[in-house]
Amino acid sequence: MKEGRKLVYTPRTGYLYGKLAIGCIQCMLGGKIVIFITGLCSDNCWYCPVSRSKFGRDIVFVDENRVNNLYDIVDEAYKIRALGAGITGGDPVIVADRTCNVISMLKQEFGEKFHIHLYTSGRFIDRNKIESLVSCGLDEIRFHTYTLELLKKVELAREYSSIKVGIEVPFIPLRQYIDYLKQLLKIVDETKLVDFVNINEFEVSESNIEKVLLYGLKPRGLTVEDTSSYLPSFFKWVTANIKNVDFHFCTLWYKDSIQYRYRMLRKSIEMLGVHEVLTREGTLISIVAEKKLGNKEGLSKHFIVIDEEFYINPYKTWLLKGSGIRAIVREYYPEGNILNQRNIIY
Ligand code: SF4
């Protein structure tokens, strides 16, 4: 029994009662690539946040970029100087061979310490599947158990001491669901069936919005406003009843604003060129001048020529003041997609 714990809130961790799982610590640092290994899934959870363009299709993405060759995954890991990877879907266990290939490939490229966690409902987990996932180097498995029946699959994973086992499910502010959640937590805590439980703030998406409205939930931004009325009593219940496992509530704000931004920052730092500057948001800015460099003596030496375009380092633009040079200021994501663009005359 873990004595003397307190539920602690920080904007970076969300609500924490115990310790954070290693996979979560690396996410917090923006150090995990996210591999969407397949859109195939035989379940049909009404709250599923996977977009309709991906769900049910056997396609692979890494950090939202389509993967054509599995080596694109290694390439992305280098770009963000990744510490590890999270494998999601769909259900990665449906394409267990591909999942194992990717795990082996990443471990071979980045070493054993490269931490890999995987999400599954557990439906397709059997002894063979779990054995191959363990032997190819999986470090952590997270079950999104939508029924207590699936705990049998969690038991199978628990037999392997080399992997950490967790439950990760959404917090849906509906009385019936919260009763299920409490039942689930009580069982896994009393039996010490898992190392940790992660509860995610409910995420509204184009794929579940109709059902959200049907259940009478009130969407607010990317989540639902009903969460705040259920959360205090739920946390009270957690601190009174959870004795053994680590508990973490991950806020959507954190996931969207911090985790994603940190990952982008890592990528931009890695890709930053001499002609670019990095913003606090993790985007890049460059300034490209029209070919005519103006008449001022010696100005041309401050330009950097890349692919026949004339860039000036954004920190040196004061040199151009009054020169009449026309330029385009661009702000873009590290992958190159433009966020803002404007013309300027110095
Ligand atoms: S198991 Fe996961 S991927 Fe499949 S429908 Fe449910 S939430 Fe979506």
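General remarks:
- For the chain, the per residue solvent-accessible surface stands at 50 Å², with DNA, RNA and ligands left out and a 1.4 Å probe.
- Of Val197, Val329, Cys24, farthest towards positive along the dipole that unit charges on Lys, Arg, Asp, Glu beta carbons give the chain: Val329
- Cross-link partners of Lys6 among aspartates and glutamates, defined as those whose alpha carbon lies under 12 angstrom from its own and excluding same-chain residues fewer than eight positions apart: Asp246.
- When you restrict to C-alpha pairs under 8 Å that are six or more residues apart and normalise by the size of the chain, the relative contact order lands at 16 percent.
- Cα centroid separation - the stretch 259-285 against the stretch 103-142, whole Å: 30
- Here the accessible area is traced with a 1.4 Å probe on the protein chains. For the stretch 274-345, carbon and sulfur cover 49 percent of it.
- Bridge type composition, the chain - antiparallel percent by DSSP, nearest 5: 55
- Helix 175-190 vs. the chain, principal-axis angle (Cα, 0 to 90°, nearest 10): 80
- The stretch 171-212: trypsin sites (Lys or Arg not before Pro) in DSSP coil with no more than 14 other Cβ atoms inside 10 Å: Lys192
- Only helices enter the 222 nm calculation for the chain: every DSSP H run of n ≥ 4 contributes -39,500 (n - 2.57), and dividing by all residues gives -8500 deg cm²/dmol, rounded to 500.
- Pairs of Lys residues in the stretch 274-345 are counted when their Cα atoms are under 14 angstrom apart and they lie 8 or more places apart or on different chains; the count is 4.
- The stretch 1-93, relative contact order [Cα under 8 Å, separation at least 6], %: 36
- Positive-pole candidate from Gly137, Pro173, Ile163, dipole of the stretch 134-176, charges at beta carbon: Pro173
- Extension gain, Ser162 to Val274: 0.36 nm times the residue separation minus the Cα-Cα distance gives 35.9 nm.
- The stretch 139-170 residues near the modelled Lys192 label - backbone nitrogen below 18 Å, point 7 Å along Cα→Cβ: 154-167
- Principal semi-axes in Å for the stretch 274-345 [√(5λ), Cα gyration tensor, largest first]: 22, 12, 11
- Comparing Val305, Val62, Val212 in a Gaussian network model of the chain where C-alpha atoms under 10 Å apart are linked, the largest mean-square fluctuation is found at Val305.
- Value of Rg to Rh for the chain (Rh from inverse mean 1/r over Cα pairs, i.e. Kirkwood): 1.06
- Unsatisfied cross-links (Cα-Cα over 27 Å) in the set Lys182/Lys218; Lys79/Lys113; Lys32/Lys152; Lys79/Lys255: Lys32/Lys152
- Euclidean distance of C-alpha centroids, the stretch 296-346 and the stretch 175-205, integer Å: 53
The values are calculated or read from the model by the stated rules, or taken from the named source; none is laboratory data. Small disclaimer: the values here were computed from a predicted structure and weren't measured. Note that we place each Cβ from the backbone using ideal geometry, even for glycine, and neighbour counts take in every protein chain shown. Remember, those area values only see protein heavy atoms, side chains included, never the ligands or the DNA or RNA. Shrake-Rupley method; radii C 1.70, N 1.55, O 1.52, S 1.80 Å.
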